[in-house]
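The values are calculated or read from the model by the stated rules, or taken from the named source; none is laboratory data. Given the structure is predicted, the values throughout are model-derived calculations rather than measurements. With ideal geometry, Cβ positions are generated from the backbone for all residues, glycine too; neighbour counts draw on all protein chains shown. Note: accessible area is taken over every heavy atom of the protein model, side chains too, but ligands, DNA and RNA are not part of it. Shrake-Rupley method; radii C 1.70, N 1.55, O 1.52, S 1.80 Å.
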Amino acid sequence: MFTESFTPHFSDTDALGHINNTKVPIWFEGARTPVFRIFTPTLDTANWPLILAKIDVSFEAQMYYGETMEVRTAISRIGGSSFDVYQELWQNGQRVASGTAVMVHFDFKQQKSAVIPENIRQLLTEHLVESSSDAS
């Protein structure tokens, strides 16, 4: 599992004084960088082998400015050419949001999905959790 901590900026809040719900998918994407590095260690976008097929986010509690956030990232499923990245957002010891991103290993030259190579599959497996409840 990968973890990342940060403090939200004032600009991350909405008119109600809470963290704006549009920020969570952005924070989740940023916290997927270690997963991206498994496929492309240099993060060279000219050789990028991934596309995002789907994301979902569940908001579980209010989030506040000035309080540290922690994103926890794990792999929850590995298929032939796709895999799921499960993520949780924690603040003050409480899970405040969770979500899953379906990523596809993609061959841009052929314009189709590609089988995940065995060496990469092994690296993903090191971060595999049995279910979303195991990631907490």
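Restricting attention to the stretch 17-40 and to residues that are over 15 Å from Phe6 (Cβ atoms), open to solvent by less than 40 Å² (accessible area, probe 1.4 Å) and β-branched (Val, Ile, Thr), the residue that is nearest to the chain's Cα centre (by Cα) turns out to be Val35.
So that you can scan it fast, the table gives a plain yes or no per residue for (1) in contact (Cβ under 8 Å) with a residue 24 or more places away in the chain; (2) closer than 27 Å to Asp12 by Cβ; (3) of a type outside the set (Lys, Arg):
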site	(1), (2), (3)
Asn47	no, no, yes
Tyr65	yes, yes, yes
Thr68	yes, yes, yes
Val71	yes, yes, yes
Trp90	no, yes, yes
Arg95	yes, yes, no
Val104	yes, no, yes
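Kindly indicate whether Gly80 is outside any strand (DSSP E or B) and at pLDDT 95 or above. Criteria met by Gly80.
Residues of the stretch 17-44 that are assigned to a loop (DSSP other than H, G, I, E, B) and free of Cβ contacts under 8 Å to residues at least 40 places away in the same chain: Asn20, Asn21, Thr22, Thr40, Pro41, Thr42, Leu43, Asp44.
Would you pick out the residues in the stretch 72-127 that are among the acidic types (Asp, Glu) and open to solvent by less than 40 Å² (accessible area, probe 1.4 Å)? Spell out how you get there, then give the answer.
Of the stretch 72-127, the ones among the acidic types (Asp, Glu) are 84, 88, 107, 118, 126.
Scanning the stretch 72-127 gives Asp84, Glu88.
Specify the residue that is surrounded by the fewest Cβ atoms within 10 Å (Cβ to Cβ); the eligible residues are those in the stretch 1-16 that are assigned to a strand (DSSP E or B) and hydrophobic (A, V, I, L, M, F, W, C).
As a first pass, look at the stretch 1-16 and keep what is assigned to a strand (DSSP E or B): 2-6, 13.
Within this subset, residues satisfying the condition of being hydrophobic (A, V, I, L, M, F, W, C) are 2, 6.
Working: Phe2: 17, Phe6: 12.
Here the answer is Phe6.
Only residues that are under 17 Å from Val96 (Cα atoms) and out of contact with any Phe, Trp or Tyr (no Cβ under 8 Å at 6 or more places or on another chain) were counted across the stretch 28-51, and they come to 2.
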